[in-house]
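S.K.: Before anything else, here's the structure in question.
The values are calculated or read from the model by the stated rules, or taken from the named source; none is laboratory data. From a predicted model like this one, the values you see are computed outputs, not experimental measurements. Keep in mind that these areas ignore ligands, DNA and RNA; they rest on the heavy atoms of the full protein, side chains included. Shrake-Rupley method; radii C 1.70, N 1.55, O 1.52, S 1.80 Å.
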Amino acid sequence: HTKLCSATLAASAAAAATTCSHDVSRRGVLHTATALASGIVPSAAHADGDEERQKYFLRFPTLFAPLYGESSRRTIKRQLGDRIWALEQNLELGPLETPLRCVVVRLQDGSLWVHAPLAPSREFFELVESCAEECGAPSPGPSPSSAVRHIVVPTYALEHKVFAKDALLRWSDAQLWLSPGQFSFPRRSVSD
């Protein structure tokens, strides 16, 4: 079984490398192989090479890439339970990469609870909103974006709170929940 899985994984990675060899990096092949090995299905945007959906603009200077400005991040979505999903993006700090996770829960009333929103790419927003439609229950509002009713900023760590404003701009009817000890830098309100 292990040899079959290894062969399948190697063949998948090789296929990924040969399908569009002009635009493939070793890192991209490694990400695809790792995702396949762990049972994660990369988003359709990554499979199709559509990087436009993965672009976003970082509004505030940070210590991680990009320090400020435009960048892109691939979002991976996996279902953890009946009404629970994890969305992940990689955070780069110099030569290091670490995954950041957002958890989305569909509540009893059909609304969505979003814990630690990620980089505000169109891909991320669409994957979150798709959770409103996956359970078979009707969406609690006229559009999938109105399903997000709660946004949680769980810690004062910059990487977990820097995208809260973008989430509130996208899901303007959502209520923002903050953990104690939050600060704002520069000293402005998220609603600015």
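S.K.: By a straight-distance test (C-alpha under 20 Å), which aspartates and glutamates pair with Lys55 as possible cross-link partners, with residues fewer than eight away in the same chain excluded?
M.R.: Qualifying aspartates and glutamates at Cα under 20 Å: Asp23, Glu70, Glu88, Glu92, Glu97, Glu123, Glu126, Glu129, Glu159, Asp166.
S.K.: Additional query: Per residue, what volume in Å³ does the Cα convex hull of the stretch 84-138 take up?
M.R.: Values: hull volume 3.8 nm³, N = 55.
Spread over its residues, the Cα hull of the stretch 84-138 gives 70 Å³ apiece.
S.K.: Mind grabbing the accessible area of Asp173 for me, 1.4 Å probe, Å², rounded to tens?
M.R.: 120 Å²
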